[in-house]
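See structure below.
The values are calculated or read from the model by the stated rules, or taken from the named source; none is laboratory data. Since the model is a prediction, treat every value here as computed from it, not as a measurement. When we count neighbours, we look across all protein chains shown, and the Cβ atoms used for this are built from the backbone with ideal geometry, even at glycine. Note: areas computed on protein heavy atoms with side chains; ligands, DNA, RNA excluded. Shrake-Rupley method; radii C 1.70, N 1.55, O 1.52, S 1.80 Å.
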Amino acid sequence: MAFSTLPTPLYALYQARDGFPAFTITVIFAVYALGVLTSLYLVGPVSDWLGRRPILLAAITVELLSAAVFLLWSSVPGLIAARFLCGIGVGAITPAATAHIAELRAAGLPGSDPRRSATLSSFVNIGGLSLGPLIAGIIAEYGPAPLIAPYIVFLILLVPCWLAILPVPETVQPATRPVYRPQR
């Protein structure tokens, strides 16, 4: 979640460098939201029958790709593409991770209050959303290459996130795939 808000403090730097109007920043934000909604609609229910881990691994891979696009293609079209990819990843991560946390907690602590899982999920989401711009802003302000270093740091941080999912138990038994229908 922190990666999803990482570019926020950097837009003013992109704007100063490239001279695009404020409306372009609005478009970049909107494309991210479009990516999230598209992914929630198309991928959201898939982890219910395919499994949580495969969706989480695929979504973090999309986030890694988004970070690479930010690094390698930093013009406006690249920013738009990277934000769309980031939205796709976040739209897949959010429902799968939320369900996975609840299921892991229920399996590990039978009879525990399910509201604690919801609280934990909310805390992780909001905490990540707030850490992204904070970390990016600090790196951009005090580190070298303000439009490169934040993405390198998060690219490096996403790899252990991907690896950390591998040993986590799967909570969904892959089933015979039902007829695919996007989420309503």
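Tabulated data
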quantity: Criterion violated by LEU72 - all others in (1) modelled with pLDDT of 95 or more; (2) open to solvent by 60 Å² or more (accessible area, probe 1.4 Å); (3) of a type in the set (A, V, I, L, M); (4) within 13 Å of PRO95 (Cα to Cα) satisfied; calculated: (4)
quantity: Residue that is at pLDDT 95 or above and more than 22 Å from THR5 (Cα to Cα), where the choices are LEU166, LEU109; calculated: LEU166
quantity: Counted residues, the range 7-46 - those being more than 30 Å from THR171 (Cα to Cα), in contact with a helix residue (DSSP H, G or I) (Cβ under 8 Å, 6 or more places away or on another chain) and either hydrophobic (A, V, I, L, M, F, W, C) or open to solvent by less than 30 Å² (accessible area, probe 1.4 Å) (or both); calculated: 13
quantity: Residue match in the range 15-29 (condition: farther than 22 Å from GLY128 by Cα and in contact (Cβ under 8 Å) with a residue 60 or more places away in the chain); calculated: yes
quantity: Of all residues in the range 128-151 being among the aliphatic types (A, V, I, L, M) and within 17 Å of SER4 (Cβ to Cβ), the one that is surrounded by the most Cβ atoms within 10 Å (Cβ to Cβ); calculated: ALA136
quantity: Residue among ARG83, ARG53 that is open to solvent by 20 Å² or more (accessible area, probe 1.4 Å) and among the basic types (Lys, Arg); calculated: ARG53
quantity: Residue in the range 93-127 that is nearest to ILE156 (Cα to Cα), counting only those that are surrounded by fewer than 18 Cβ atoms within 10 Å (Cβ to Cβ) and among the hydroxyl-bearing types (Ser, Thr, Tyr); calculated: SER122
quantity: Residue in the range 98-113 that is in contact (Cβ under 8 Å) with a residue 40 or more places away in the chain, within 18 Å of PRO182 (Cα to Cα) and of a type outside the set (D, E, K, R) present; calculated: yes
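To keep it simple, each residue is scored yes or no on (1) under 15 Å from the mean Cα position of the chain (by Cα); (2) of a type outside the set (S, T, N, Q); (3) on the phi > 0 side of the Ramachandran plot.
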| residue | (1), (2), (3) |
| --- | --- |
| VAL43 | yes, yes, no |
| TRP49 | no, yes, no |
| THR61 | yes, no, no |
| LEU65 | yes, yes, no |
| VAL69 | yes, yes, no |
| LEU72 | no, yes, no |
| PRO77 | no, yes, no |
